[in-house]
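Coordinate-derived values only; no laboratory data. In this text, all values refer to a predicted model and were calculated from it rather than measured experimentally. Here the Cβ is made from the backbone with ideal geometry for all residues, glycine too, and neighbour counts use every protein chain on show.
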Amino acid sequence: MSQIFKKAFAGSDLSIKVHYIAGQADGAVLVTYGETVVLVTIVSARSQREGLDFLPLTVDYQEMTFAAGKIPGGFFKREGRPNEREILICRIIDRSIRPLFPKGYNFETQLIASVLSVDGEHDPDVAALLGASAALQISNIPFNGPIAGVRIGRLDGKLIANPTSMQDSDLDMFIVGRKVVPGTGGKPYDVNLVMLEGGAKELGEEDIVQGINLALESMRPVMELQDEMQKAIGKAKRAFTPPVIDEALYRKISALVTEGFKEAYGISEKLDRYGKLRDVREKAVETLCKEDPSLKPIVEHVIEKIDRGILRNMILSQKRRVGGRAYDEIRAISSEVGLLPRTHGSALFTRGETQALVTITLGTSRDEQRMDYITGEERRSFMLHYNFPPFSVGEVKRMGSPGRREVGHGALARRALLPVIPSQEEFPYTIRTVSDIVASNGSSSMASVCGGALSLMDAGVPLKDVVAGIAMGLLKEGDNVAVLSDILGDEDHAGDMDFKVCGTKKGITALQMDIKIDGINEQILRKALQQAKDGRFFIIDKMKETLAEPRKELSQYAPRIITMKIRPDRIRDLIGTGGKNIRQIVAETGVNIDVEDDGTVLIASTDLEAADRAIAMVKWLTEEAEIGKIYMGTVKKVVDFGAFVEILPGTEGLVHISQLDTKRVAKVTDVVNEGDKIPVKVIEIDSNGKIRLSRKDALGADVADSKNSPF
C-alpha cells in the first residue's frame, strides 16, 4: 500500500510517495515538488564481481519530453543520448552520493532519475537529488545519508532558496548537504556541506558564504522528512562487513613500500615520481603475491592506503608539499598568445606541469548552438569545449566522444568566463572556445579558464575583465588543518576536498566543490575562499604580463560583422519574394546576412569590399527617401499631370509635369516614358509619406551626387 510523506520545502509543497511505483527496485520514490514530478529508483547487485576495488556506481538522469508536453525532434521521435544539462545533473547526483557509500562496498549499483512532469518553476534537479537520497534511505543498501540539495539565487540583492525563476539572478548555486553523523558533536539535523556547483556575476566571498549558510539551513525540513520515512518504512540494511586488513600483513607491506614512497614524494617531476611509485608498488606486489596470487587485491588496497597516509603525513605533520611548496604557493606560471597563425585567437597557458592550449573561433549568429531542453530552447553565442586526450597524462587510450568529465569541466570553464563576455549588442559574434589539455598534473579545468581568457583577448573579444581559476585542496586530521592552493593530482587524490574558485579581481564567477569528510565548518570555508582569492589575484597579474587587455583589432582571418538597423516593416523588402533579394546579395558578394525580427541586419565577411557592397545593396532595398537627395529613378507610370518614379525599391514619388524640365512641358510623354531612368530630387515628403520629386532640380546636379542602384 502506497504512503505519502509531505513537507514544506523552501516555501513550496513537497511530497514523496513510496510503495506506489517500481516495486521491484531496491528503493523507489516519486517526488512531487510543486507540479514537477521525478521518479527515482536505486538497485544494487546482490553479489560482487571478482577483482573490483571500487564502487561501480552508475547514475542516469533523464528528462522525458512528455514531461513538458513536447514531442522529441529528429527522425526517431524518442529520447536519445543525454544532453548537456542531463549530463551535468548526473554528475551532481553522482558526486553527492558516491562518497557516502561505506568503504569497501563495491557492489554494482545503478540510480535512475526520470523527470515525468515539469512545471517550469520547481527545478527537477532539486527533486531528483532529494529522491536519490530518499530512495537510498528507505532501501536495504548501506548509505551514510540523508542528503538534500538546494538551489540558491540572489534577486535584487536578496538571497532566495529554490527561486521559481533565475532570469534576473546574479547568483546560481546548487548546494548539497548531509545530516551530521551522530557522535560528531553536532546538534540534531545539523547539516554539513557535501557538494557545491555554481556561478555568479562577480560576487564577493561573503555573498557566497551567506548563500551556503542559507542553503544548509533550508535543507533541515527535508532531512527530518527522510528520517521519518526511514523510521516508518525503511528496510533493514544489508549485512555488509568492510574488508578487514590483517595487521601482520599491513606491517609487512609497510616495511616494503614506506621508504620508497617517501623517496618518491621528494621528486618534483610528475612522470619521474609516478615511475618511482609504480616501481615500488610492483615490486611489493610481486614479492608478497609470488606464492599466493589471490592476495593481490588485498595487497594493492593496503598499498594504496599506505601511499595516501604517507602523503597526508608529509603535508600535515612535516608541513611539506610535493615539490617543497608552501601551503599557499602557486606553481610556476607561463603563458603565450598568438601562437597559431590562422586561428582567430590562441593561447598556451602553463602552470607547473599542466598545460592548456586554447583556441578561439568567431562566427555569426548562424553558428549559435541551440540546446533543446524540456524547460525550453537555449541559444548559445558563447561555447567552450574541453578535451582531455590520453597523451596529456602519458597514457594510451582509445579516443572517443567527450565523456561526462569533459562535459563537466567544459561547463565549469564556460560558466567562469560567461559573466565577462560582451553582450551581442556590443560584440555580435558567436564565439567557440576549445581547450585542449596537452599536459596535466592537476587543475586542468582552471588552466582552461586562464587560457580561455587569454585566447579571447588575443582574438580581440572585448572582455569586461580578466578571469582566472584556482583549485584548492584540504587535509584535515582532528584540529590539524591544511588548506592547499593550486593542488596537484596527488594532493587531490589524498586530500579531503577539491574546491575550484574562478573570478576576476572584482569577484567570483564560478565555483565547484567536492568534499569527502564531515566537519568543513564556516571558518575553514572562509579560509579557503580567502586563500583562493589571493591565489586568483596572483594568477591574474601573471596573465596580464603576457596580455593585459584585449587586442584592438580582430584577426585578419576572422569575419567582420557590420550591424545595420532597418525598420521592421522593411524586412520584407530586404528579403524579397521567396527570399530573392537576400539570395542575390549573398550570391553577388559572398557575405553572410542575418536579419533579426527587430530590424537588426548583420553582415559578415572577411572581404571588406564585399561587405561594403552588401551594405550598399541593403541600403538600396530598405533606405527611406530623404529630402534634398538625388536618386536615379525608374519611371513606373505616366499620367496627364506627371510621372510616378520609383527611386528606391518599393518607394515611389510623383514628378509633377511642372517639375519635368526647366522649360514649359506641354505633354509628359514629350520628356519621359514608362521604363525611362531619370535623375530626380526629393523636394517634399508630406505628413502622409507622399513624396514629391523634381527632374528639373536634378538636371544640373553632378552625376556623382545621384543615388544609383548597386545591383
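Some values worked out for this structure:
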item: Cα long-axis angle, helix 580-589 against the chain (0 to 90 degrees, to the nearest 10); result: 80
item: Label point 7 Å beyond Cα of GLU596 along Cβ direction - residues of the range 421-456 with amide nitrogen under 15 Å; result: 422-431
item: Exposure proxy ranking, count of Cβ atoms within 10 Å, fewest first, for LYS6, LYS516; result: LYS6, LYS516
item: Segment ALA8-GLU477, length gained on full extension (0.36 nm per residue, minus Cα span); result: 165.1 nm
item: Restraint check, LYS6/LYS231; LYS506/LYS527; LYS276/LYS476; LYS505/LYS544, Cα-Cα greater than 20 Å; result: LYS276/LYS476
item: Calculated FRET value between ARG308 and GLN110, using beta carbons and R₀ = 30 Å, to 0.05; result: 0.60
item: Cα-based helix-to-principal-axis angle, 608-622 vs the chain, degrees rounded to 10; result: 60
item: Cβ-based net charge around PRO297, under 14 Å, with every Lys or Arg adding one and every Asp or Glu removing one; result: -2
item: Ordering of 677-685, 451-459, 575-583 by packing [mean C-beta count within 10 Å, highest first]; result: 451-459, 677-685, 575-583
item: Label zone at ASP60, where the point sits 7 Å out along the Cα-to-Cβ direction: the range 397-435 residues whose backbone N lies under 13 Å; result: none
item: Charge tally in the Cβ shell below 12 Å around GLU425, where Lys, Arg are +1 and Asp, Glu are -1, GLU425 excluded; result: -2
item: Estimated distance in nm for a label pair at PHE75 and GLN210, the labels positioned 7 Å out from Cα along Cα-to-Cβ; result: 5.5
item: Within the range 485-525: backbone nitrogen closer than 14 Å to the ASN144 label point (7 Å, Cα to C-beta); result: 496-497, 515-520
item: Taking VAL591, VAL668 and counting other C-beta atoms within 10 Å, the order from fewest to most; result: VAL668, VAL591
item: Rounded FRET efficiency, nearest 0.05, which uses the C-beta distance separating THR164 from TYR20 and R0 of 25 Å; result: 0.40
item: Spin-label model distance (nm) - GLU217 vs LYS397, 7 Å beyond Cα toward Cβ; result: 4.3
item: Crossing angle, helix 296-316 versus the chain [Cα axis fit, 0-90 degrees, rounded to tens]; result: 80
item: Loop chymotrypsin sites (Phe, Trp or Tyr not before Pro), the range 624-683, which have at most 13 other Cβ atoms in a 10 Å radius of their Cβ (DSSP); result: PHE641
item: Extension gain, ILE575 back to LYS667 (0.36 nm per residue minus Cα-Cα distance, nm); result: 29.3 nm
item: Calculated [θ] (222 nm, deg cm²/dmol) that DSSP helices of n ≥ 4 give over the chain, each run adding -39,500 (n - 2.57); result: -9500 deg cm²/dmol
item: GluC sites (Glu not before Pro) lying in DSSP loop within the range 147-243, provided at most 15 other Cβ fall within 10 Å; result: none
item: Ranked list, fewest to most other Cβ atoms within 10 Å of each Cβ, for ASP661, ASP367; result: ASP661, ASP367
item: Extension gain, ASP156 back to LYS565 (0.36 nm per residue minus Cα-Cα distance, nm); result: 143.9 nm
item: Charge context of ILE147, other residues only, Cβ under 9 angstrom, K/R +1, D/E -1; result: +2
item: Global geometry of the chain, whether rounded, prolate or oblate, following the gyration tensor of its Cα atoms and the 1.5 cut on a/c; result: prolate
item: Sites ARG278 and LYS527 - FRET efficiency at Förster radius 41 Å, r taken between beta-carbons, to 0.05; result: 0.70
item: Computed label-point distance, nm, for sites GLU263 and GLU224 using a 7 Å Cα→Cβ extension; result: 6.0
item: Cα gyration tensor, the range 560-622 - rounded (a/c under 1.5), prolate or oblate; result: oblate
